[in-house]
Every structure is written in C-alpha cells, then in structure tokens.
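Please read the structure below before turning to the comments.
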Amino acid sequence: MNDPDHLAERVQQLEDVLAIHQLLDDYGRHLDVGDFDAYAGLFAEEGEVDLGGRGSARGRAAIKELIEANSGPPGSAFRIISNPHVVVDGDTATSTAMFTVLVPTPGGVAVASLGHHFDELRREDGRWCFALRRARIGLP
C-alpha cells in the first residue's frame, strides 16, 4: 500500500477525475453566460457534439455555430449539472452526467428541460476535452 508508484497512480486518477468534473461544470457555465468560444474550446480539435433532434456538429467552428443557433441570450437559461460518473482509462475516459435547464419566469423559475450527457473524453495537449458529447433529453 505504501508503494510510491501506486500512490502516484492514485493521485493521477484523482486529478483526472477532478479535471473532468471541472470540464462538465465549465460546459454549463459557458452556456449560461453565452461564451460560445470558450464552450467550443472544451471540445477536442475534431470533437463532436450531438444535441439529439437539435442537430450535431464536428470541429470547434461548427460546434460553436450549432450552439449559437440553439441558445438564447445570456441569462435566459441556467444549467445544473449533476450526478457525474467518470471512468478514466489512461488518456481516455467516459462520463455521464444529468443536466437540468431552468428558465426565469414572471413567478420564479421553471424547468425547461432535463436529460443526460454521454461523453467520450480524451486528454489532448495536456488537458481533458470532449471527443464526443451526446445529449439525450428526457423532458420535455
């Protein structure tokens, strides 16, 4: 148990999982504030996004264009990213996470949609990014 190599592996695993959790959070945060350049930058150079019935795109420029077309102005929706599950295997990983999209209403807030993201991730240029992100909307 006190093997230094084993400890280094465990620390790397924890750092990778934490970095991927941050990636999942950044995804929602960039969408909430309308920073579509930063949003597209979360994807691998040739990354893909599949928004279900709302379209799909490959490559950062196309991903940015797709998300701009599917997003309202900043402050029109807020995302809660929850229940992340991450499995790391070297320089690749998979993750699932639930998302809930809230929208302001005159009386407070309403749930606009919720669903899950299914991700294939990879370490590219020393950082974790989305190789493929699939959204599956459960509601509406």
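Every number here is computed from the coordinates shown, using simple stated rules; none is lab data. No experiment lies behind these values; they were computed from the predicted model shown. Cβ sites come from the backbone with ideal geometry, for glycine too, and all protein chains shown count toward neighbours.
Cβ-Cβ contacts under 8 Å between residues 6 or more apart (or on different chains), taken from a first residue in segment 39-63 that is farther than 8 Å from A131 by Cα to a second residue that is surrounded by fewer than 14 Cβ atoms within 10 Å (Cβ to Cβ) and not polar (S, T, N, Q), are listed as A40/A61; G52/R136; G55/A69; R58/E46; G59/E45; G59/E46; R60/E45.
Of all helices (runs of 4 or more DSSP H) completely enclosed by segment 1-103, which ones contain at least 3 residues that are among the hydrophobic types (A, V, I, L, M, F, W, C) and within 20 Å of R127 (Cα to Cα)?
By residue number, 4-33, 36-40.
Could you grab me the full set of residues in segment 14-40 that are closer than 11 Å to K64 by Cα and of a type outside the set (D, E)? Matches in segment 14-40: L31, G34, F36, A38, Y39, A40. From the set of residues in segment 12-43 that are surrounded by fewer than 17 Cβ atoms within 10 Å (Cβ to Cβ) and touching a His at 6+ places or on another chain (Cβ under 9 Å), which is farthest from D119 (Cα to Cα)? By that ranking, first place goes to D37. Contact map, segment 88-103: residues that are within 21 Å of R10 (Cα to Cα) paired with residues that are part of a strand (DSSP E or B) and β-branched (V, I, T), Cβ distance under 7 Å, separation 6+ or inter-chain. Pairs shown: A93/V86; A93/V87; T94/V87; S95/V86.
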